[in-house]
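Since the structure comes first, as structure tokens, the remarks are kept for the end.
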Amino acid sequence: MHLTVLKKGMIAMTTSLRCFLTLAILALTAGSGFAADFPPGWLPVNRLDEKPTWEEFRKIEDKIHVYLPKDVKTVRGVFACFVFHSQDPRQLADLWEFALVTVPWPFEYDLGHNDKRNGRFKLGHPVGDMGTFLRYLEEAAKETKHPELTTVPIVGWLMQNGPKLGGDLFKRAPERVLAWSDGFPKPVSEAAEMTAKVPFAYAWEFTPAEEKERRALREAKLDTLKDKPTTPPNFSCRANTYGFGHGIYSKFSFFAFYLDRCIAQRLPKELPEPGKPVVLKPWKKEDGWAGDYNEISNWNAIAPVKEAKGMVDPQWLPDEYAAWAWRSYHTHRPELQMTAPVVDFRKAAERKVKDCGLGYSPPIKPGTPLKFAAEGTGEFAKVEFYTGNRLLGISDKAPWKLDEVKLDRGLHALFAVGVKTDGARTSSRPALLMVK
């Protein structure tokens, strides 16, 4: 009798085990690929559309999502972007006709960086690498029926570990990394293999102590560099806003227009059929522009790389538009601010108006008449209004304003430049406006 009961128990346990294994296999193979090959939250492929606000969507921290611009049959690239307190990256994806892959902060562990503050390592799987991201694009390509996701160029903002994550991606798929962003100075300097071939933008707060240190460095080097050619050492570009602790809430704007200009310069207009490799235009340092990071002033020096001279710390920029926008971002002191048609990006607690740059102002149609305005504490003889290097108009008396301005399609870095009676200039920070 005891033997019979034992046999029945073993059969029941075997059946239960089989059921458990079957369910486990089904769970692992659910979706578009084998979830066993991915950490939790990657598969099945989750789709993001235009409906949730970015503030609402930011609350989702346990899933990767892919967003495909509406009515775009073939995407031109992929934007890898962290989910954080930034502007809405869907606007950039729409403008660029890129797929957007949103990566919550904890998932940087899956991509190669173990930040123990986010606790994802507690799930028990090993720290990953950017191969996970490339394999995810393969799964997303099948699920969404967009085979080009496996071959199109990639740009990225995955926060301060850009040198590590972007550098690893570059080693795995060098022909696909078009441009990258964000990192601390020392890791960026150590990512020499990538920055020798790929544009890389980075920024952080500029402290009074650092300003004092760099001013001394400039004074020590300036005489020896006078009138000598100063070519940027690589394709990296640093920016910091003097007098304003902007942090992550503002630097995303710098990355946005930098990546935008890199895409414009390097991505060919005509792409191959979906799934075929995209041949990017080669970068040539001498075709870009340079800006002197180390010049502590209200109006930093910029010049074509071929003409750059006397720069203590030259940074590389993809074109003249980016150089002017970089100077506006990097040089700004709080003497002048754009107030219309948009203002620079600010944290919610600092906003005095509703429309604050990219993500807080809806895109407008090309040719829409716009009113420009600026205000400030400086004594200016006139105020000039710009989109990048293009002068839109001049206001010769306060209140500083300009009417009936029309803009073409694209991402516009708008800023005001105050000109004093002695010719000295100072710039507002750029405010981003999308026209599409």
Exercise for review: Return a yes/no flag: does segment 257-267 have any residue that is part of a loop (DSSP other than H, G, I, E, B) and without any contact (Cβ under 8 Å) to a residue 24 or more places away in the chain.
Suggested key: no
Practice item. Could you tell me whether residue 193 is touching a Lys or Arg at 6+ places or on another chain (Cβ under 8 Å) and part of a helix (DSSP H, G or I)? Key: yes
Study note, to complete from the structure: Among residues of segment 167-183 being in contact with a strand residue (DSSP E or B) (Cβ under 9 Å, 6 or more places away or on another chain) and part of a loop (DSSP other than H, G, I, E, B), the residue modelled with the lowest pLDDT is 182
**Study point:** Residues located in segment 295-322, provided they are touching a Lys or Arg at 6+ places or on another chain (Cβ under 9 Å) and either among the aromatic types (Phe, Trp, Tyr) or assigned to a helix (DSSP H, G or I) (or both)
**Key:** 299, 305, 316, 321, 322
Practice item. Looking at (1) within 31 Å of the chain's Cα centre (by Cα); (2) in a strand (DSSP E or B), find the lone condition where residue 429 falls short. Key: (2)
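State all residues of segment 280-294 that are in a loop (DSSP other than H, G, I, E, B) and closer than 18 Å to residue 196 by Cα; if no residue qualifies, say none. Walk me through it before giving the result.
So in segment 280-294, the residues in a loop (DSSP other than H, G, I, E, B) come out as 280-284, 288, 293-294.
Hits for segment 280-294 are 280, 281, 282, 283, 284, 288.
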Practice item. Give the residues of segment 172-189 that are loosely packed, with under 15 Cβ neighbours inside 10 Å and not small (Gly, Ala, Ser), sorted by residue number. Key: 172, 174, 175, 184, 185, 186
Study note, to complete from the structure: Those residues of segment 244-264 that are within 15 Å of residue 182 (Cα to Cα), at pLDDT 85 or above and aliphatic (A, V, I, L, M) come to a total of 2
Exercise for review: Return the total of residues in segment 370-389 being assigned to a loop (DSSP other than H, G, I, E, B) and over 29 Å from the mean Cα position of the chain (by Cα).
Suggested key: 5
**Study point:** Matching entry among 45, 103 (being of a type in the set (A, V, I, L, M, F, W, C), buried (at least 17 other Cβ atoms within 10 Å of the Cβ) and touching a residue at least 60 places away in the same chain (Cβ under 8 Å))
**Key:** 45
Exercise for review: Those residues that are among the β-branched types (Val, Ile, Thr) and under 18 Å from residue 167 (Cα atoms), I need them from segment 102-140; list them, please.
Suggested key: 103, 127, 132
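Let's see how each residue does on (1) at pLDDT below 95; (2) assigned to a helix (DSSP H, G or I); (3) in the same structural domain as residue 290 (by TED's automatic domain parsing):
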site: 198; (1), (2), (3): no, no, yes
site: 201; (1), (2), (3): no, no, yes
site: 205; (1), (2), (3): yes, no, yes
site: 214; (1), (2), (3): yes, yes, yes
site: 217; (1), (2), (3): yes, yes, yes
site: 220; (1), (2), (3): yes, yes, yes
site: 224; (1), (2), (3): yes, yes, yes
site: 234; (1), (2), (3): no, no, yes
site: 242; (1), (2), (3): yes, no, yes
Exercise for review: Return the pairs, sorted by first residue and then second, in which the second residue is among the charged types (D, E, K, R) and assigned to a helix (DSSP H, G or I), the first residue lies in segment 130-156 and is closer than 18 Å to residue 93 by Cα and assigned by TED's automatic domain parsing to the domain that holds residue 101, the beta carbons are less than 7 Å apart, and the residues are 6+ apart or on different chains.
Suggested key: 150/138
**Study point:** Identity of the residue in segment 300-327, more than 19 Å from residue 429 (Cβ to Cβ) and of a type in the set (Val, Ile, Thr), that ends up modelled with the highest pLDDT
**Key:** 305
Exercise for review: Identify, from the list 359, 393, 388, the residue that is at pLDDT 95 or above, in contact with a Pro (Cβ under 9 Å, 6 or more places away or on another chain) and of a type in the set (Gly, Ala, Ser).
Suggested key: 388
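The values are calculated or read from the model by the stated rules, or taken from the named source; none is laboratory data. Just so you know, these numbers come straight off a predicted model, no measurement behind them. Glycine gets a Cβ as well: all are built from the backbone with ideal geometry, and neighbour counts include every protein chain shown.
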